[in-house]
Amino acid sequence: MSMLLIKGTFRVPPKSKPDGDTVPFVPDNVADWKLVPGCKQIVPAADGRVSVRLESVDALETHYEGAYGPEQHQPLDLAHRAANELLAWVGFASVDRHEDETVATIPESVPGFILTGGSDIYGRCVGLVGRGTPPAASGYEIRVDQDLLKKTANFHLISLGLVYPTFYSAFPRELREFLTAETQKARAAKKGVWADDVDVTMKGAKITGMPSITAADGAVILPKLFRRLKEYLDLKPAEPLLNCFPSYLAGAGDKFRITSEPEEKVGLHRVVEVINGHTVRMTRQPEELVFDEK
């Protein structure tokens, strides 16, 4: 797969809230943003900065508002571990995280590069994150293979079990399979979210209200499932029964494919099960799902 390489610096401004799958990036040549393909043009901040969404990974949410309802987060211990590891990996020697999720870093910026296949419908740049000197000139497309993928923050976070794999169809199958194998190694080694009795996405999370998925001792689940649950619970916070959650998921209309099956599916209710009105679980591991690009 060929991806556009952009050289620049990672820089966290005072009001930014970087999490475990997003990092602010400023190209050396701000005009390079115009080279990024996609359905929506990337519009940088006045200083040239854009928050880069890491390709194929999803970290526990440190702050999520969604379509409605107040901002919420997943259990913060692992969410912060992923966020701080990402910043440390790209080269920040010190990260001071404040209560409002803003951070101060030392140094203020570090050199690096991104490899991107394009923007998403929200105008975010989605890509692979690299540190230090890039392997080629900025502004040109280069081939991304397994060896180059191994040198990215995306692979690093997967290898530590600090993020979940979340694949979209535009990312090549060969590279998805490579990250899948690394996910399974991390799970076998019980790293990060895969440690004993941590992730309950497949085992099932008992939901009695929003704190069931947001408190320090709340259920650790796939972030995509968390986001759907959070918005569902916001509809009727006084009635946390999940009997209608499958219908809600069907209405959301997520399109995806299970890697072992040929046909496309619509709605996460196809792979989510509700038990006794209060327990929710997924019936497939996250690396088995490939979502359509939005």
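Taking helices (runs of 4 or more DSSP H) that fall entirely within region 96-188, which contain at least 3 residues that are out of contact with any His (no Cβ under 6 Å at 6 or more places or on another chain) and surrounded by fewer than 16 Cβ atoms within 10 Å (Cβ to Cβ)?
It comes to 173-188.
Would you mind telling me which numbered condition in (1) open to solvent by 70 Å² or more (accessible area, probe 1.4 Å); (2) in contact with a helix residue (DSSP H, G or I) (Cβ under 9 Å, 6 or more places away or on another chain); (3) touching a residue at least 40 places away in the same chain (Cβ under 8 Å); (4) in a loop (DSSP other than H, G, I, E, B) T201 fails?
Answer for T201: the failing condition is (1).
Is there any pair with a first residue in region 122-139 that is on the phi > 0 side of the Ramachandran plot and of a type in the set (G, A, S) and a second that is surrounded by fewer than 17 Cβ atoms within 10 Å (Cβ to Cβ) and part of a loop (DSSP other than H, G, I, E, B) whose Cβ atoms are under 8 Å apart and which are 6 or more apart or on different chains, and what are they?
What qualifies is G123/K40; G123/Q41; G123/V43; G132/G91; G139/N29.
In region 252-264, which residues are acidic (D, E), touching a residue at least 24 places away in the same chain (Cβ under 8 Å) and either open to solvent by less than 50 Å² (accessible area, probe 1.4 Å) or farther than 16 Å from D292 by Cα (or both)?
Scanning region 252-264 gives a single hit, D254.
Using the structure shown, decide if S212 is open to solvent by 60 Å² or more (accessible area, probe 1.4 Å) and not hydrophobic (A, V, I, L, M, F, W, C).
In short, no.
Under 6 Å between Cβ atoms, which residue pairs at least 6 apart in sequence (or on different chains) link something in region 265-276 that is open to solvent by 60 Å² or more (accessible area, probe 1.4 Å) with a partner that is of a type in the set (S, T, N, Q)?
Taking only residues 6 or more apart or on different chains, the pairs are E273/T283.
The values are calculated or read from the model by the stated rules, or taken from the named source; none is laboratory data. Since we're looking at a predicted model, the values are computed, not measured. Virtual Cβ from ideal backbone geometry, glycine too; neighbours counted across all protein chains shown. The area values use the complete protein model at the heavy-atom level, side chains included, leaving out ligands, DNA and RNA. Shrake-Rupley method; radii C 1.70, N 1.55, O 1.52, S 1.80 Å.
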